[in-house]
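The structure under discussion appears below in the form of structure tokens.
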Amino acid sequence: MGTYAAVVLAGGAARRMGGVDKPALPVGGRPMRDRVLAAVSDATPRVLVGPADVVPDGVRVIREDPPGGGPVAATAAGLALLDPDTALVALLAADLPLLTRPAIGELLGHVAEEAAAGGGERQPDGACFVDGDGRRQSLCGVWRVAALRAGLDRLAVERGGSLSGAPVRALLAGLVVREVPWSGDGPPPWFDCDTDEDVRRAEEWAR
């Protein structure tokens, strides 16, 4: 697949957890956002969108406009730091403490396999995991940068220039998505931590 970039979204308000800096909460002794960044350690560049005082070496940090403007605004901010020729990006929530490099590799592989297959069908714009009920985990996926940028441009026109508060499903509307069920060993890499109970479950899995 060659190189890919990673954009990790860490600007959520965590209202269900009292407004704490959720990505900074430790799981297995490490902040969740650092665990996500470690899963994409071979990505170039790695971009963290959100507040962060200390990040691993080489990670670029930016804030969405406006701060707290939601995942689509954060995606736009993160993509703005990528080189123009970057083809693929892992777009990830920062609260995925069980994410692993093999899981990212599986997503990258699905995009490559379908692109190589060719034929008359439209090439996939990305791949993301789906949970046991078939729900897309869109912020645990690998996407073609050009497709995301086209979606951002379309949404900006539709919304009068503002991406604040736009839902991710609107960004991905019309994209060809390869839905990938997790079949590997260990806990599901798409498991996100929205509550204190989720964090406790992730801690048990991470032991």
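What the table shows:
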quantity	calculated
Vicinal HN-Hα couplings computed from phi for the stretch 62-77 (Karplus, 6.51 cos²θ - 1.76 cosθ + 1.60; Hz; Gly/Pro x)	8, 10, 6, 10, x, x, x, x, x, x, 6, 4, 5, 4, 4, 5
Fully extended contour minus Cα-Cα distance, from ARG60 to SER183, at 0.36 nm per residue	41.1 nm
Exposure ranking of SER41, SER164 by accessible area [1.4 Å probe, largest first]	SER41, SER164
Virtual spin-label span in nm between GLU204 and ARG30, 7 Å along Cα→Cβ	2.3 nm
Relative contact order (percent, whole number), the stretch 104-207, Cα cutoff 8 Å, 6+ residue spacing	29 percent
Cα coordinate range in the stretch 93-172, projected on the principal axes (Å, largest first)	39, 37, 23
Per DSSP, loop trypsin sites (Lys or Arg not before Pro) in the stretch 101-205 with at most 13 further Cβ within 10 Å	ARG122, ARG135
Computed over the chain: relative contact order in percent, which uses C-alpha pairs under 8 Å that are six or more apart	25 percent
Accessible area expressed per residue, the chain, with surrounding protein chains retained (probe 1.4 Å, Å²)	47 Å²
Rounded percent of accessible protein surface that carbon and sulfur make up, the stretch 154-207, 1.4 Å probe	47 percent
Backbone HN-Hα couplings from phi across the stretch 81-90 [Karplus 6.51/-1.76/1.60, Hz, Gly and Pro as x]	8, 7, 5, x, 8, 5, 8, 10, 9, 7
Separation in nanometres of the label points that stand 7 Å from Cα toward Cβ, at ASP194 and ASP53	2.9 nm
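The values are calculated or read from the model by the stated rules, or taken from the named source; none is laboratory data. From a predicted model like this one, the values you see are computed outputs, not experimental measurements. Methodologically, a virtual Cβ is constructed for each residue, glycine included, from the backbone with ideal geometry; neighbour enumeration extends over all protein chains shown. Ligands, DNA and RNA are excluded from the accessible area calculation, which covers all protein heavy atoms including side chains. Shrake-Rupley method; radii C 1.70, N 1.55, O 1.52, S 1.80 Å.
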